[in-house]
Amino acid sequence: MLLLEGSLRIKAGMFEASRAIFVDFVKACNEEAGCLEFSFSQDVCDGDVLNLRERFVDEAAFQQHQQAEHTIAFKKYLYALGVEARDVRYYENVTPIKR
């Protein structure tokens, strides 16, 4: 399993104006074959920071996600919106452990 976690800082106040686009993108991602989870959450201390979590069954599923039309379109929109900072960490061969 692949896991990506991180955060994006967008221009001040832009998330609320773009919420519907984020919702549609997350829904499309979660329908992809091989996507186990795709989510954004707004930071409770800073509303201009969006936390990101992505889980895919394998590298091939992640690459399909990267090449999907909705992903390409969303990335163009996101960078036009104004990403001021990006910090995403990528983990391979993650095995969930139940506690």
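Quick note: the coordinates plus some simple rules give every number you see, no bench work behind them. The shown structure was predicted, so the numbers you read here are calculated from the model rather than taken from an experiment. Reconstructed Cβ throughout: ideal geometry from the backbone, glycine too, with neighbour counts over all protein chains shown.
Among what's in region 79-99 and is of a type outside the set (S, T, N, Q) and over 29 Å from residue 18 (Cα atoms), pick the residue that is farthest from the chain's Cα centre (by Cα). Show your work before the answer.
Kept after step one, since they are of a type outside the set (S, T, N, Q), are these residues of region 79-99: 79-92, 94, 96-99.
In the following step, the residues that additionally are over 29 Å from residue 18 (Cα atoms) were identified as 92, 94, 96-99.
On the way: 92: 17, 94: 18, 96: 20, 97: 23, 98: 24, 99: 26 Å.
If we take residues in region 79-99 being of a type outside the set (S, T, N, Q) and over 29 Å from residue 18 (Cα atoms), then 99 is farthest from the chain's Cα centre (by Cα).
Taken together, the residues in region 52-99 that are more than 13 Å from residue 3 (Cα to Cα), among the basic types (Lys, Arg) and in contact (Cβ under 8 Å) with a residue 24 or more places away in the chain amount to 1. The one condition from (1) over 13 Å from the mean Cα position of the chain (by Cα); (2) surrounded by 12 or more Cβ atoms within 10 Å (Cβ to Cβ); (3) small (Gly, Ala, Ser) that residue 39 does not meet is (1).
Name the residue that is surrounded by the fewest Cβ atoms within 10 Å (Cβ to Cβ), counting only residues in region 48-89 that are of a type in the set (Gly, Ala, Ser) and part of a loop (DSSP other than H, G, I, E, B).
Within region 48-89, the first condition is being of a type in the set (Gly, Ala, Ser), and the residues that meet it are 60-61, 68, 73, 80, 82, 85.
With part of a loop (DSSP other than H, G, I, E, B) added as a condition, the list becomes 68, 82.
On the way: 68: 15, 82: 12.
Among those residues, the one meeting the criterion is 82.
Being outside any loop (DSSP other than H, G, I, E, B), small (Gly, Ala, Ser) and loosely packed, with under 12 Cβ neighbours inside 10 Å, is that true of even one residue in region 10-26? The answer is yes, given that some residue of region 10-26 is outside any loop (DSSP other than H, G, I, E, B), small (Gly, Ala, Ser) and loosely packed, with under 12 Cβ neighbours inside 10 Å.
A quick yes/no check of all residues on (1) over 21 Å from residue 94 (Cβ atoms); (2) under 11 Å from the mean Cα position of the chain (by Cα):
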site	(1), (2)
6	no, yes
25	yes, yes
29	no, yes
32	no, no
56	no, no
61	no, no
68	yes, no
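Restricting region 1-49 to residues that are among the aromatic types (Phe, Trp, Tyr) and touching an Asp or Glu at 6+ places or on another chain (Cβ under 9 Å), the residue that is farthest from residue 63 (Cα to Cα) is 15. The single condition among (1) under 19 Å from residue 10 (Cα atoms); (2) touching a residue at least 40 places away in the same chain (Cβ under 8 Å) that residue 43 does not meet is (2).
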